[in-house]
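Peer 1: So that we are looking at the same thing, I have put the structure below in structure tokens.
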Amino acid sequence: MKIAILSRNPNLYSTRRLVEAAEERGHEVHVIDVLRCYMNITSMKPEVHYKGQNLTGFDAVIPRIGASVTFYGTAVLRQFEMMHVYPLNESVAISRSRDKLRALQLLSRKGLGLPVTGFAHRPDDVDDLIKMVGGAPLVIKLLEGTQGIGVVLAETKGAAESVIEAFMGMKANILVQEFIKEAGGADIRCLVIGDKVVAAMKRQGKEGEFRSNIHRGGSANLIRITPEERSTAVRAARTMGLNVCGVDLLRSNHGPVVMEVNSSPGLQGIEGATGKDIAGMIIGFTEKNAKSGKTQTRGRG
Ligand code: ADP
Ligand code: MG
């Protein structure tokens, strides 16, 4: 097969591993920087150009689109879909999962376990917003944050009010969430491929830190997950419409709750913690499923 990997940096661990796994299996792989792609969207014959070349003949495209380039990255991916190239994850599914508000609304509609969550832009009654999610302590998040940045724990009602007011002053969309204290600063990353959790790890925040993000100093370890956690992760992936993703769960007193669904899960942490060849499994899944025009939307969404 001829495979395009949409990635800004060929030296990233995940990109390198995917290239390696694809080449090992005899495929031709091209790493393409989405921001350098330009597209012809006016004609009936959609094209993507890159460094003066018309990108043709691809059987599959593996998007590894960073949060900061979601807008343009999903547009390039959509163009590939219009050209009937099989996308490992569809542009619409990536957009769904990137928007925390949209993602949580969709997950709640399917009845998946979630922390009690409120959304606001400019509430006139901050008091009521805090009451709505059960009062302090609570977690306040910027809608567009990643890697734990923009996630704040407010221990008291007073602290919650000032953080909410500060975020409101920035004209940011905010998410206010019940604090799952019993998670103990840990979360579970489930790596889903197709309809299976193929690997899982526990990430534990460093001492005194409630955020488990590796970027915030957390560490990763192998973990056995329960059947309920397994099915929650698979249902979350299916709800987003993602073939490959990382589903983050917290262990709460009322069962597993979904934190977020990541459409470009990093491979380094999970391959390191589990010793599994996740990149190989992703290429294997692509081989089995890549058929011309096999997308739900074909760029229509
Ligand atoms: P980001 O997209 O920046 O990773 P998350 O929503 O995943 O933001 O939050 C980062 C981390 O903070 C989570 O992995 C989790 O460990 C912790 N966290 C977030 N929300 C809560 C919550 N409601 N209760 C307990 N811990 C939380
Ligand atoms: Mg996270």
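The values are calculated or read from the model by the stated rules, or taken from the named source; none is laboratory data. Quantities reported herein were computed from a predicted structural model and do not represent experimental measurements. Cβ placement follows ideal geometry from the backbone for every residue including glycine, while neighbour counts extend to all protein chains displayed.
Peer 1: Without any contact (Cβ under 8 Å) to a residue 12 or more places away in the chain and surrounded by fewer than 17 Cβ atoms within 10 Å (Cβ to Cβ): does that describe GLY150?
Peer 2: The answer is yes for GLY150.
Peer 1: Going by the structure shown, is GLU260 of a type in the set (D, E, K, R), closer than 22 Å to LYS141 by Cα, within 14 Å of ligand 1 (Cβ to nearest atom) and in contact with a helix residue (DSSP H, G or I) (Cβ under 8 Å, 6 or more places away or on another chain)? Show your work before the answer.
Peer 2: On the way: of a type in the set (D, E, K, R): yes; closer than 22 Å to LYS141 by Cα: yes; within 14 Å of ligand 1 (Cβ to nearest atom): yes; in contact with a helix residue (DSSP H, G or I) (Cβ under 8 Å, 6 or more places away or on another chain): yes.
Against the criterion (of a type in the set (D, E, K, R), closer than 22 Å to LYS141 by Cα, within 14 Å of ligand 1 (Cβ to nearest atom) and in contact with a helix residue (DSSP H, G or I) (Cβ under 8 Å, 6 or more places away or on another chain)), GLU260 qualifies.
Peer 1: Scanning for something within 30 Å of GLU229 (Cβ to Cβ), outside the structural domain of LYS202 (by TED's automatic domain parsing) and within 13 Å of ligand 2 (Cβ to nearest atom), does the stretch 150-160 turn up at least one residue?
Peer 2: Within the stretch 150-160, one or more residues are within 30 Å of GLU229 (Cβ to Cβ), outside the structural domain of LYS202 (by TED's automatic domain parsing) and within 13 Å of ligand 2 (Cβ to nearest atom).
Peer 1: Related question: Does the stretch 19-46 hold any residues that are within 20 Å of VAL69 (Cα to Cα) and either of a type outside the set (Phe, Trp, Tyr) or touching a residue at least 40 places away in the same chain (Cβ under 8 Å) (or both), and which are they?
Peer 2: Hits for the stretch 19-46 are HIS30, VAL31, ILE32, ASP33, VAL34, LEU35, ARG36, CYS37, MET39, ASN40, ILE41.
Peer 1: Next up: Which count do you get for residues in the stretch 117-144 that are among the β-branched types (Val, Ile, Thr), away from ligand 2 (no atom under 16 Å from the Cβ) and either in contact with a helix residue (DSSP H, G or I) (Cβ under 6 Å, 6 or more places away or on another chain) or assigned by TED's automatic domain parsing to the domain that holds THR74 (or both)? Steps first, please.
Peer 2: Start the filter on the stretch 117-144 by keeping residues that are among the β-branched types (Val, Ile, Thr), which leaves 117, 126, 130, 133, 139-140.
Adding the requirement that they be away from ligand 2 (no atom under 16 Å from the Cβ) leaves 126, 130, 133.
Subsequent filtering for residues that are either in contact with a helix residue (DSSP H, G or I) (Cβ under 6 Å, 6 or more places away or on another chain) or assigned by TED's automatic domain parsing to the domain that holds THR74 (or both) retains 126, 130.
Residues in the stretch 117-144 being among the β-branched types (Val, Ile, Thr), away from ligand 2 (no atom under 16 Å from the Cβ) and either in contact with a helix residue (DSSP H, G or I) (Cβ under 6 Å, 6 or more places away or on another chain) or assigned by TED's automatic domain parsing to the domain that holds THR74 (or both): 2 in total.
Peer 1: Is it true that some residue in the stretch 40-52 is touching a Pro at 6+ places or on another chain (Cβ under 9 Å) and either within 17 Å of ILE283 (Cβ to Cβ) or modelled with pLDDT under 95 (or both)?
Peer 2: Yes; the residues of the stretch 40-52 include at least one that is touching a Pro at 6+ places or on another chain (Cβ under 9 Å) and either within 17 Å of ILE283 (Cβ to Cβ) or modelled with pLDDT under 95 (or both).
Peer 1: Wholly within the stretch 197-301, which strands (runs of 3 or more DSSP E) include no fewer than the required count, namely at least 1 residues that are surrounded by 21 or more Cβ atoms within 10 Å (Cβ to Cβ) and touching a residue at least 12 places away in the same chain (Cβ under 8 Å)?
Peer 2: It comes to 244-252, 255-262.
Peer 1: Scan the stretch 168-178 and tell me whether some residue there is modelled with pLDDT of 95 or more and either under 22 Å from ALA233 (Cα atoms) or acidic (Asp, Glu) (or both).
Peer 2: For the stretch 168-178, residues modelled with pLDDT of 95 or more and either under 22 Å from ALA233 (Cα atoms) or acidic (Asp, Glu) (or both): present.
Peer 1: Within the stretch 187-196, which residues are in contact with a strand residue (DSSP E or B) (Cβ under 8 Å, 6 or more places away or on another chain) and either within 12 Å of ligand 2 (Cβ to nearest atom) or free of Cβ contacts under 8 Å to residues at least 60 places away in the same chain (or both)?
Peer 2: ASP187, ILE188, ARG189, CYS190, VAL192
Peer 1: Let me ask another. For residues that are of a type outside the set (A, V, I, L, M, F, W, C) and in a helix (DSSP H, G or I), scanning just the stretch 179-196, find the one that is surrounded by the most Cβ atoms within 10 Å (Cβ to Cβ).
Peer 2: Among them, the one singled out is LYS181.
Peer 1: Would you mind telling me which numbered condition in (1) more than 16 Å from ligand 2 (Cβ to nearest atom); (2) among the hydroxyl-bearing types (Ser, Thr, Tyr); (3) not assigned by TED's automatic domain parsing to the domain that holds ASN213 SER108 fails?
Peer 2: Only one criterion in (1) more than 16 Å from ligand 2 (Cβ to nearest atom); (2) among the hydroxyl-bearing types (Ser, Thr, Tyr); (3) not assigned by TED's automatic domain parsing to the domain that holds ASN213 is unmet by SER108, namely (3).
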